[in-house]
Structure formats: structure tokens, C-alpha cells
Amino acid sequence: MFRLKARDVRSSVAARFERWLVPDGGEVVGGVPVAQLRYLGFGLQGALPPTDAYRLLSGDLKATGSITGGPAGFDCTLLEVPSVEPNPEAGSAASPTVVCAVPQDVRAFAGLQGQIAITSGQVTNVPTLPVTAVAGSADRGEVSLVLDDGTVTIREVGLGATDGAIVEITSGLDAGMRVLASPPALVR
């Protein structure tokens with residue numbers, strides 16, 4: 001807990017102050033909203049597939065935006081990091097949403113479509129496999145390991161960062177081991 005000092009509160013984007021949510025000098029826990037602001041520009045909003053929501057790692061999240069048929073590859077500040085709200089397109093199921101602020105120097109208009117790419121972690125020089133070769137997608141998975149004699153066995157592996165196409169292998173395999181391109185069957 002820490003004491004809120006209004007003079008120390010800063011916004012990560014140009015915004016208009018609306019109201020305080022916590023009184024000056026009040027005690028707050030890190031991560032709790034303390035003020036309501038209105039962003040003066042445009043934002044990209046998107047539903048995060050529930051199956052991908054748990055993949056967001058804690059820490060420094062970064063977002064890159066793209067407007068369909070317009071500007072692309074611009075950094076945008078995340079204003080809302082996954083909160084669960086109803087997603088009308090998915091029926092009654094809840095889906096986490098993300099909102100990022102389109103920078104003031106990026107030309108945008110109301111109603112345009114776009115995309116948000118969120119980076120929640122980055123790793124280099126690590127063993128990886130195509131996600132299509134792994135059964136599982138959170139912290140653990142299984143692969144079909146090809147042994148030296150050509151037989152296939154199921155091997156449990158630890159999983160790390162993924163970009164949706166490839167996934168980091170954190171344990172269970174060594175460099176040079178061979179696996180089948182398709183994952184093990186769930187029913188054996």
C-alpha cells in the first residue's frame with residue numbers, strides 16, 4: 001500500500017481529467033485505478049480470444065496498432081489490459097478486451113477497423129517448435145518424440161513464450177531431438 005499524492009499522478013497519454021476515484025492522501029494498492037481520464041484521440045479496441053488471455057505474461061506489455069487500409073506499425077499505449085467484459089459477437093460468453101490509444105500524429109477516423117498486436121514477453125536464442133507440433137498451450141504440453149530407432153514416444157515438455165505460430169520449449173527436449181510435425185493424439 002502507498003499513500004496517493006495527487007501531484008504525483010501522471011497519465012501515459014494526453015487526456016482530460018474527469019474525476020478522482022481515490023481521495024488525495026488515501027491509501028491504495030498498486031494497480032488500482034486512482035483517477036478517471038478521457039482520452040482526447042482515437043483508440044483501437046479488440047476482444048482477446050479467451051484461449052489467448054492466459055498467455056499474457058505479467059510485466060511490461062507493449063502494443064502495436066494497425067488501421068486497415070491506413071497507417072500501420074505504430075506503437076499504441078494500452079489503456080485497458082485484459083478485463084473481462086461481455087463480447088456480443090461471441091454470444092453470452094465473456095471475452096477479455098484490450099484498448100490502446102492511437103497516437104495523436106496517426107491519422108484516424110471514427111469507425112475504421114484495425115488490429116492490435118500485444119507483446120507480453122520476448123525471448124531469443126531458445127529452442128522452439130511450431131505450435132502445430134504440440135498438444136497443449138499453457139505451461140505444459142506433449143510432443144511425439146522420434147527416437148533413434150525410429151519409434152515414437154510421447155514426451156512432456158515445458159512451454160514458454162509464443163507468437164501464435166511457434167512456441168518456446170523450456171524443458172523436456174534437447175537441441176537435435178526430432179519430433180513429429182503433428183501433436184500426439186489426446187485419446188490414446
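Restricting the stretch 52-77 to residues that are of a type in the set (Ser, Thr, Tyr) and at pLDDT 65 or above, which is most open to solvent (accessible area, probe 1.4 Å)? Reasoning before the result, please.
The first filter runs over the stretch 52-77 and keeps only residues of a type in the set (Ser, Thr, Tyr), leaving 54, 58, 64, 66, 68, 77.
So of that shortlist, the ones also at pLDDT 65 or above come out as 64, 66, 68, 77.
Numbers: 64: 53, 66: 36, 68: 96, 77: 49 Å².
In this case the residue turns out to be 68.
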Among the numbered criteria (1) modelled with pLDDT under 85; (2) open to solvent by 90 Å² or more (accessible area, probe 1.4 Å); (3) of a type outside the set (Lys, Arg), which single criterion is violated by residue 104?
(1)
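When the residues of the stretch 30-41 are narrowed to those that are of a type in the set (A, V, I, L, M, F, W, C) and touching a strand residue (DSSP E or B) at 6+ places or on another chain (Cβ under 8 Å), which ends up nearest to residue 68 (Cα to Cα)? Quick ask: steps written out before the conclusion?
Going residue by residue through the stretch 30-41, those that are of a type in the set (A, V, I, L, M, F, W, C) are 32, 34-35, 37, 40.
Subset that is touching a strand residue (DSSP E or B) at 6+ places or on another chain (Cβ under 8 Å): 34-35, 37, 40.
Numbers: 34: 34, 35: 32, 37: 27, 40: 21 Å.
Taking the candidates together, the pick is 40.
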Does residue 34 fit the bill of being hydrophobic (A, V, I, L, M, F, W, C), over 28 Å from residue 72 (Cβ atoms), open to solvent by less than 80 Å² (accessible area, probe 1.4 Å) and touching a helix residue (DSSP H, G or I) at 6+ places or on another chain (Cβ under 9 Å)?
yes
Considering only residues that are open to solvent by less than 50 Å² (accessible area, probe 1.4 Å) and of a type in the set (S, T, N, Q), look in the stretch 78-101 and name the one that is modelled with the highest pLDDT.
97
Please determine, by comparing only the residues of the stretch 42-51 that are at pLDDT below 80 and either open to solvent by 60 Å² or more (accessible area, probe 1.4 Å) or of a type outside the set (A, V, I, L, M) (or both), which one is nearest to residue 64 (Cα to Cα).
49
In the stretch 4-19, what count of residues is obtained for those that are touching a strand residue (DSSP E or B) at 6+ places or on another chain (Cβ under 7 Å) and either loosely packed, with under 11 Cβ neighbours inside 10 Å or within 30 Å of residue 106 (Cβ to Cβ) (or both)?
9
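Identify the residue in the stretch 113-154 that is more than 25 Å from the chain's Cα centre (by Cα) and surrounded by 17 or more Cβ atoms within 10 Å (Cβ to Cβ) and, among all such residues, is farthest from residue 174 (Cα to Cα).
Quick first cut of the stretch 113-154, residues more than 25 Å from the chain's Cα centre (by Cα) only: 144-154.
Still in the running and surrounded by 17 or more Cβ atoms within 10 Å (Cβ to Cβ): 144-145.
Values: 144: 14, 145: 11 Å.
By that ranking, first place goes to 144.
Among the residues of the stretch 20-31, write down those that are under 28 Å from the mean Cα position of the chain (by Cα) and either among the hydroxyl-bearing types (Ser, Thr, Tyr) or exposed (fewer than 14 other Cβ atoms within 10 Å of the Cβ) (or both).
Answer for the stretch 20-31, where residues must be under 28 Å from the mean Cα position of the chain (by Cα) and either among the hydroxyl-bearing types (Ser, Thr, Tyr) or exposed (fewer than 14 other Cβ atoms within 10 Å of the Cβ) (or both): 21, 29, 30, 31.
The values are calculated or read from the model by the stated rules, or taken from the named source; none is laboratory data. All values derive from a computational prediction rather than experimental measurement. When we count neighbours, we look across all protein chains shown, and the Cβ atoms used for this are built from the backbone with ideal geometry, even at glycine. These accessible areas exclude ligands, DNA and RNA; they are computed on the full protein's heavy atoms, side chains included. Shrake-Rupley method; radii C 1.70, N 1.55, O 1.52, S 1.80 Å.
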